[in-house]
Amino acid sequence: MNHIAHNQNDNNPRLMNTGMIDIKNGSLFPWHFQLFAVVLVIGSIVLFSTNILLALILLSIGILILTGYSGVLINKPEKMYKEYNSFLFIKTGKNINFEAVERLFVNENSISQKTYTAHTLNSSTFKNAIYDGYIKFGDGTKVHLMSKKDKILLMTKLKEIADFLGVAVYDNTVSDR
């Protein structure tokens, strides 16, 4: 397990002045749903001249899909965090109190995807590593913060969060990718 020290002298005004950090994890819907949402929005624009009600329904569904994302909001002065889902930029979730943040850490996971060719039914399996960043609170609660395929990018983002919270980032991965 590698320990990465944090820099106490980081003065990021966006984080320090508010006392809160909003860590966006990503979209709630996969890319093909988002593509479908774009088609719905474009289709609704075309339909506005002929069927306003249907156009409004399609537009609403498309916008809900496109604006849906998840994240974690940490309020350092009040010692609260909220895991949330957001639609139309309205965040819903429960505020949970914490005593202390113990650390941030990174785990490595392997994901595999099997694809078949259309005509021969031969398959290929693709394996990739994905890196997950977590926060661990003093009571042992672990909350997923974000996932990235690029470990360096994930470590950079976690370092910013760790500096804000005044804790260290631990690297539990075996690879140096």
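Pairs are defined by a Cβ separation below 8 Å, a sequence spacing of at least 6 or placement on different chains, a first member in the range 13-33 that is modelled with pLDDT under 75, and a second member that is surrounded by 15 or more Cβ atoms within 10 Å (Cβ to Cβ); the pairs so defined are L15/I21; L15/E160; L15/F164; M16/F164.
Candidates are the residues of the range 72-107 that are touching an Asp or Glu at 6+ places or on another chain (Cβ under 6 Å) and under 14 Å from D22 (Cβ atoms); the one that is surrounded by the fewest Cβ atoms within 10 Å (Cβ to Cβ) is G93.
Scanning the range 96-119 for residues that are within 19 Å of K82 (Cα to Cα) and β-branched (V, I, T) yields I96, V101. Would you mind stating whether T141 is closer than 20 Å to I21 by Cβ and of a type in the set (S, T, Y)? Spelling it out, T141 is indeed closer than 20 Å to I21 by Cβ and of a type in the set (S, T, Y).
Residues that are surrounded by fewer than 17 Cβ atoms within 10 Å (Cβ to Cβ) and assigned to a loop (DSSP other than H, G, I, E, B) within the range 23-69 comprise L28, F29, P30, F48, S49, T50, N51, listed in sequence order.
Of the residues examined, E108 is one that is in a strand (DSSP E or B), touching a residue at least 60 places away in the same chain (Cβ under 8 Å) and under 19 Å from the mean Cα position of the chain (by Cα).
Okay, residues lined up against (1) modelled with pLDDT of 85 or more; (2) in contact with a Ser or Thr (Cβ under 6 Å, 6 or more places away or on another chain); (3) of a type outside the set (S, T, Y):
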residue	(1), (2), (3)
E108	yes, yes, yes
H119	no, no, yes
K127	no, yes, yes
G133	yes, no, yes
T141	yes, no, no
L154	yes, no, yes
E160	yes, no, yes
D163	yes, no, yes
D176	no, no, yes
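Number of residues in the range 141-177 that are assigned to a strand (DSSP E or B) and β-branched (V, I, T): the value is 2. Across the range 124-142, a minimum of one residue is classified as within 16 Å of M80 (Cα to Cα) and small (G, A, S). Restricting the range 113-143 to residues that are among the β-branched types (V, I, T) and within 30 Å of K79 (Cβ to Cβ), the residue that is surrounded by the most Cβ atoms within 10 Å (Cβ to Cβ) is I135.
The values are calculated or read from the model by the stated rules, or taken from the named source; none is laboratory data. From a predicted model like this one, the values you see are computed outputs, not experimental measurements. Note that we place each Cβ from the backbone using ideal geometry, even for glycine, and neighbour counts take in every protein chain shown.
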